[in-house]
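As structure tokens, the structure follows; a few thoughts come after it.
Just so it is clear, none of the values below were taken in a lab; they were calculated from the coordinates. Since we're looking at a predicted model, the values are computed, not measured. Counting neighbours? That spans all protein chains shown, and the Cβs are built from the backbone with ideal geometry, glycine included.
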Amino acid sequence: MDILDATVRAKPQYGVILTRPGLPLKTPERSQLEIGFGNGEYTVQYAEAHPDVMLYGVEISGACVLKCARRAAGLGNLRIINTDARYMLRELFRDESLERIFMQFPCPWSKNADAHRRVTAKDFADGLAAVLKVGGTFEMLTDDELYSQEVRNVLGSHEALTLSGYEVSPKREITTKYERKWLDEGKNIYRVSFTKTRAFSAERRTEQEMHIKIDNPVNGQELDSLRNIEGRDERHNAFWKFGRAFSDGDSYLLETLTSDDEFMQEFYIMILPRDGGSLLRLDKTASAFLTPAVRSAISDAAERLSHEGR
């Protein structure tokens, strides 16, 4: 169990946090998404101002998720998820399930080596185009003019998205802390907006469940031998590494780290005695998603622990 899960269990008022959502989410008809909500000030105000909308928020920082949850305790039309939207956007939501997506002041990732992290990366743009409803909108605010122009040009050329607005320092009813600060300093803010104009779909990479049965029992010494073993699947740009093993006497937990195209997850693989053999699966208390790297890690552990062929 990670720190965020432990905190949510200890603080039931943080019910706005979805720690292990089933995928894809079952969203109401009027659903919107904010990506990267920071401390949640704007997020909570927006949800309060739009009670007829279910607002989802995705944020990679666990600390920010908890800050937002404290602000939003008891708010019925906000659900927040601690994960990386760059990778998980298309996994979390069905095609044509969101009427609006917005991002406010994302990092422009100015180095060429970080181009795959930008809004303009093809995987991310395709995810936006897939989960938006036809007629739905994507909006991004930034204080970086060059980044705003790149987003305008690249997303505007996507087959399912059309540029619908490019504004400098627009007047907004709700603003963020940094937006107010920058405007007071006379700094320009750029808003770029797009509308989805045609149907579009993107391949999903995350599965719901996985377990592997091997015919032999497993002992602690065998699990200890996996510590620091690494694996890689070049086709999916997936990497995994095993860590320490823990036991309660009958079952084991194997510490595991994975990366899918730099989408990092830490979790435990559970090894349970089953019918004279062992069952391997993702620990049910984990907040990890069954991405290609996670599936590969479970398969690799099962193969290394199996006595067949030895």
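How much of the DSSP beta bridge set in the range 211-305 is antiparallel, as a percent to the nearest 5?
So the antiparallel bridges in the range 211-305 amount to around 100 percent.
Sum -39500 (n - 2.57) across every DSSP H segment of at least 4 residues in the chain, then divide by the residue count to get the 222 nm mean residue ellipticity, nearest 500.
Helix contribution divided over all residues of the chain: -8000 deg cm²/dmol.
Which residue, Pro108, Pro24, Pro273, tops the fluctuation ranking in a GNM of the chain built on C-alpha contacts under 10 Å?
It is Pro273.
Could you point to the residue in Thr206, Leu25, Ser225 farthest towards the positive end of the chain's charge dipole, with +1 and -1 charges on the Cβ of Lys/Arg and Asp/Glu respectively?
Leu25
Give me the Kirkwood hydrodynamic radius of the range 94-228, using the inverse of the mean 1/r over all pairs of distinct Cα atoms, in Å to one decimal.
Numbers: mean 1/r = 0.0568 Å⁻¹.
In the range 94-228 this quantity evaluates to 17.6 Å.
Through the Karplus equation 6.51 cos²θ - 1.76 cosθ + 1.60, θ set to phi - 60°, convert the phi angles of the range 270-283 into ³J(HN,Hα) values in whole Hz; use x for Gly and Pro.
8, 10, 10, x, 8, 6, x, x, 9, 10, 10, 7, 5, 4
For the chain, modelled as a GNM with alpha-carbon contacts under 10 angstrom, which of Arg227, Arg70, Arg172 fluctuates the most?
Arg172
Work out the charge dipole of the chain with +1 on the Cβ of Lys and Arg and -1 on the Cβ of Asp and Glu about the Cα centre, then indicate which of Phe124, Ser61, Val168 is farthest towards its positive end.
The Cα lying farthest towards the positive end belongs to Val168.
Looking at the range 153-310, what % of the alpha carbon pairs are farther apart than 24 Å?
Cα-Cα pairs in the range 153-310 separated by more than 24 Å: 54 percent.
DSSP beta bridges in the chain, what fraction antiparallel, as a percent rounded to 5? All intermediate terms of the calculation are to be shown ahead of the outcome.
Details: 45 of 66 bridges.
Roughly 70 percent of the beta bridges in the chain run antiparallel, per DSSP.
How big is the dipole moment of the range 211-305 about its Cα centre under a simple scheme where the beta carbon of each Lys and Arg is +1, that of each Asp and Glu is -1, and everything else is neutral? Debye, nearest 20, please.
Numbers: 11 positive and 17 negative charges, 27 e Å.
Its charge dipole is roughly 120 debye.
For the range 254-294, what is the per residue volume of the convex hull drawn over the alpha-carbon atoms, in cubic angstrom? Don't jump to the answer; show the numbers that get you there.
Details: hull volume 2.7 nm³, N = 41.
Measuring per residue, one finds 65 Å³ for the Cα hull of the range 254-294.
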